[in-house]
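Here the structure comes first, spelled out in structure tokens, and everything after it is commentary.
Here, each number is a calculation from the coordinates, and none is a lab measurement. These numbers come from a predicted model, not from an experiment. For neighbour counting, all protein chains shown are included, and Cβ atoms are generated from backbone atoms with ideal geometry for every residue, glycine included.
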């Protein structure tokens with residue numbers, strides 16, 4: 001992640017993580033991230049329905065102030081390895097997903113709380129993979145003993161929360 005490139009020499013007791021605070025957006029400013037910001041490249045204008053992809057190790061940004069007339073959203077859809085920590089995170093956030101609340105490690109802005117028809121819900125997850133990725137469904141076992149031990153552990157997490 002680009003933020004990890006900040007030299008530790010810039011950190012101190014008064015500001016141990018360059019202004020980062022739990023459950024708050026972290027703004028990238030020139031005080032700590034001048035080299036990263038020099039590499040920031042803007043994308044051309046986008047229209048409704050357009051999709052922009054970027055590499056997770058590169059900085060991305062949106063305007064600090066939305067000047068458009070309609071709603072504007074940026075989604076982060078991370079793909080992560082299947083492991084105990086990531087699956088527990090998904091399971092812990094199922095309630096938030098179903099209620100349209102922000103994930104537990106994001107600011108509690110809850111933008112989708114009152115968007116009953118417009119937001120994604122469990123019924124929109126049409127494939128086994130989608131249900132598994134979100135922590136709603138366990139994983140089928142395989143012929144490999146070691147893999148089955150791992151998948152059994154993951155399935156116990158799905159079934160325990």
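The table below gives the values:
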{"item": "Likely footprinting exposure, 84, 69, 118, fewest C-beta neighbours within 10 Å first", "result": "69, 118, 84"}
{"item": "Added length on full extension, which subtracts the Cα-Cα distance from 0.36 nm per residue, residue 119 to residue 92", "result": "7.8 nm"}
